[in-house]
1. Could you give me the residue pairs with C-beta distances under 9 Å whose first residue belongs to the stretch 487-502 and is in the same structural domain as Thr597 (by TED's automatic domain parsing), whose second residue is of a type in the set (Asp, Glu) and assigned to a strand (DSSP E or B) wherever it lies, and which are 6+ apart or on separate chains?
2. Output yes when any residue across the stretch 50-69 is touching a His at 6+ places or on another chain (Cβ under 8 Å) and in the same structural domain as Thr244 (by TED's automatic domain parsing), and no when none is.
3. Can you confirm whether Glu345 is under 22 Å from Ser203 (Cα atoms), assigned to a helix (DSSP H, G or I), free of Cβ contacts under 8 Å to residues at least 12 places away in the same chain and touching a helix residue (DSSP H, G or I) at 6+ places or on another chain (Cβ under 9 Å)?
4. What number of residues within the stretch 64-114 satisfy the criterion of being under 21 Å from the mean Cα position of the chain (by Cα) and small (Gly, Ala, Ser)?
5. Scan Gly414, Gly421 and give me the residue that is touching a helix residue (DSSP H, G or I) at 6+ places or on another chain (Cβ under 7 Å) and within 30 Å of Gly20 (Cβ to Cβ).
6. If Trp78 passes every condition in (1) under 24 Å from Ser123 (Cβ atoms); (2) among the hydrophobic types (A, V, I, L, M, F, W, C); (3) in contact with a Cys (Cβ under 7 Å, 6 or more places away or on another chain) but one, which one does it miss?
7. Mind listing just one residue for me: the one in the stretch 358-379 that is modelled with pLDDT of 90 or more and within 14 Å of the chain's Cα centre (by Cα) and, of those, nearest to Gly394 (Cα to Cα)?
8. From Leu515, Leu497, Leu543, which residue is among the aliphatic types (A, V, I, L, M), modelled with pLDDT of 95 or more, touching a Phe, Trp or Tyr at 6+ places or on another chain (Cβ under 8 Å) and on the phi < 0 side of the Ramachandran plot?
Amino acid sequence: MCGIVGYIGSKSVVPVIIEGLRRLEYRGYDSAGIAVAGDPANPTKLELRRAPGKLANLEAVLAERPVHGTYGIGHTRWATHGRPTEENAHPHRDGTGTLVVVHNGIVENYLALKQELIARGHSFASQTDTEIIAHLIEDEINQHAAASEKTESANESEAVITTPATGLPLEEAVRRAVHRLSGAFAIGVLSANEPDKLVAARSGPPAVIGFGDGEYFLASDVPGILHHTRDIVFLQDGDIAVLTTQGVRFLDFENNPIERKPQRITWDPIQAEKNGYKHFMLKEINEQPRAIRDTTLGRVSLDTGEIFLPDLQLSKEQINATTNLTIAACGTSWHAGLAGKYMIERLARLPVDVDYASEYRYRDPIPSALGLLITQSGETADTIAAQAQMIAAGTPTLAICNVVGSAITRKAQGVITTNAGPEIGVASTKAFTAQLTALFTLAMYLGQQRGHLTPAMSLHYATELAKVPAKAEEILRTVDDQCVQLAKLFSAANDFLFLGRGIHFPIALEGALKLKEISYIHAEGYPAGEMKHGPNALIDENLPVVCIATQDPADPTSVLRYEKTLSNIQEVTARSGRVIAIATEGDNQITGLVEHTIHIPAAPDLLLPILETIPLQLLAYHISVRRGCDVDQPRNLAKSVTVE
């Protein structure tokens, strides 16, 4: 959530920052602002412009009241403390008006700090916790000045000649201030009193530093500065970066110099553009065949079926000694984890528990032999907290993540990157199917290492996995128009029910989540077998019911599940429910039972979830478009949830 872009160099700063913030809009926000200094006509003047709502509102303010300079910082805010108003928008000033702060995260002790600062004579203009940080930094500067003045006075009384105090450098004031903060924060700070300097600090939410040709950048995420540089340093917790026109210096919270070497980002900036699609979400739905294929590249042998996961860093002995696995994740990633449970338990015969990361540390969990964190961004605060608790309990952790170098990947013993590329739409699509793909390869790998997956079965699954991208392409070609027509019929519905059995129940949950996220229709995912235990009471002629009724005829368990699902469908239709079925190609039996059928290509039961997901995404997308909703930036949601 929240976007930060800072710049220092020779260019006009406003276009750089506004462009960067626009590329971070996918993170979700409800107000925006910019602070600029370095105007040659008035080098020490600091100008601030803010506006509630989208970036267009800030641009309108800038058009009416332009600002100029060569260094500055901008922010898009997702409200946590105080409503999304101009006075609550970032950047926030200190009491002198010469220093500003932008901030991602939450200051948990801000009320106590606010009372302390008020007692010192500070007054506040907003309801936010961020404004506290600006005043804390000012307070450190004031305390240093007062101490220096007192020392000078004492020396003067002793007739000692002294050198006048030089004042507290901005980075030192920031360093002292962060020690007084509790919570999570990534901050950017600039002061008109110290021209050509930006200071950043991180403890929790992500922050990156970009290195250009005589120019330097600060951002909350890589896409915000990727059009200017691919040489990036990911700040680690406890890092402070000091950006000047001469370069970047790094230190820790204890004032020790540290070295951080830039890494080269290989993402193509064009990947973050719409490429002619109406929305990023539609583009990313259509990128799924490529994302699935890239997630398997170099990891699956089509000659032998062997899986190679060199970054997992687990020996065969460790894997065989593992007695159980706990998966922790949030939202869509949690749904992937639920599906992964079926994959791992079936192929590796390893017991798996799946936890909401946001609940994990509040239930006093019994430590597992192995932990797995699933996260698109690698910066989700709840998932980071779950990982920290696992590590503290002595549990080694693995991570499935889409962002190399993110917080969770740095602390994990082993990592499987999903290679989906940047995902801009807030509602996850390609990251989810890439996670399912990564989980399937992990399940195969564990099964092979534990001796539960024979070479013949390994080769069969590897061959079938290699066919999934082409089948996904077929779905995108054949199903989209059908989903457009279904959207016309059902976009006015107030409620939806999604049903699935076994490994397909998590896909029902994900289908419901996608619809509610972007169309604002109430939708619920439910196990098909539980219908008679309550939800049957909801069914009438106004309730659309999406039922996942695929099958793998070669799998007896899948056939039995399919037969039971048909019975559930008949329970719905007997009560006048309107059923949309997701079925396997060639299944004509179900067509006569339901109002609408979407067919997808056949696949083994454990791979069907990847394919089932795509029509559910398209259905949600087209319903949302027809309802006039903001598909890429749904209200009240953020892409990377960096607060608990």
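1. From residues that are in the same structural domain as Thr597 (by TED's automatic domain parsing), the pairs are Asp495/Glu524; Phe496/Glu524; Leu497/Glu524; Phe498/Glu524.
2. Taking every residue of the stretch 50-69 in turn, at least one turns out to be touching a His at 6+ places or on another chain (Cβ under 8 Å) and in the same structural domain as Thr244 (by TED's automatic domain parsing).
3. no
4. Qualifying residue count, the stretch 64-114: 3.
5. Gly421
6. The single condition Trp78 does not satisfy is (1).
7. Among those that are modelled with pLDDT of 90 or more and within 14 Å of the chain's Cα centre (by Cα), it is Leu373.
8. Leu515
The values are calculated or read from the model by the stated rules, or taken from the named source; none is laboratory data. Given the structure is predicted, the values throughout are model-derived calculations rather than measurements. When we count neighbours, we look across all protein chains shown, and the Cβ atoms used for this are built from the backbone with ideal geometry, even at glycine.
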